[in-house]
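Chemist: One structure coming up, written as structure tokens, with questions to follow.
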Amino acid sequence: MSQSNSPGLPAKLACQTPSCCKRLRRVAAGQYDANLGGGVFKQRAAREGGGKAGGFRTIILFRAGSHSFFAHGFAKSDKANVSAKELKALKRLADLLLGLSDEQLMAAQAAGELSKVESDGGKKKQD
């Protein structure tokens, strides 16, 4: 589970790659592939050399004015969607994680329970 937070993105969003940034921005802008309810959103991701239709699905936990979390990813070839049982668990997880304060998030990161994902804007650092 990765918690996202970085400058340059609305609602305390961050990402690890340009494609992740794009998916987070789209959710924040209301442009997502599926709102599964309860702060759980599905975004399609193209696989290298292919389109989105046969690619991957990512589950993002998002609430405006809150942090966002990458919660799950899967290949469409493995399954078409999350199950009802998985969705119920993801909604409970969204309630929990999206309700955490900054202090609680920092404590969870310090304990190794969450990993913070940050972006340097896609620029490689010079030595």
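Chemist: Show me, for the stretch 39-46, the HN-Hα J-couplings you get by feeding each phi into the Karplus relation (A = 6.51, B = -1.76, C = 1.60, θ = phi - 60°), rounded to Hz, glycine and proline as x.
Modeler: Values, residue by residue: x, 10, 10, 10, 10, 7, 9, 6 Hz.
Chemist: What nm distance separates the two modelled labels at residue 116 and residue 101, each placed 7 Å from Cα along Cα→Cβ?
Modeler: Each label point is offset 7 Å from its Cα along the Cβ direction, giving 1.7 nm.
Chemist: Same structure, new question: Arrange the residues 85, 76, 42 by how much accessible surface each exposes, largest first, with a 1.4 angstrom probe.
Modeler: 85, 76, 42
Chemist: Can you list residues from other chains, or at least 5 along the same chain, whose modelled amide H is less than 5 Å from the amide H of residue 114?
Modeler: 109
Chemist: Per-residue HN-Hα couplings for the stretch 71-86, Karplus 6.51 cos²θ - 1.76 cosθ + 1.60 at θ = phi - 60°, whole Hz, x for Gly and Pro?
Modeler: 9, 6, x, 7, 7, 4, 5, 7, 6, 6, 7, 6, 6, 4, 5, 5
Chemist: Hey, can you grab everything whose amide H is under 5 Å from the amide H of residue 68? Only 5+ residues off in sequence or another chain; H modelled, so Pro and N-termini drop out.
Modeler: The answer is 4.
The values are calculated or read from the model by the stated rules, or taken from the named source; none is laboratory data. Everything numeric here is computed off the predicted structure, so don't read it as measured data. Here the Cβ is made from the backbone with ideal geometry for all residues, glycine too, and neighbour counts use every protein chain on show. Calculation scope for accessible area: heavy atoms of the full protein, side chains included, ligands and nucleic acids excluded. Shrake-Rupley method; radii C 1.70, N 1.55, O 1.52, S 1.80 Å.
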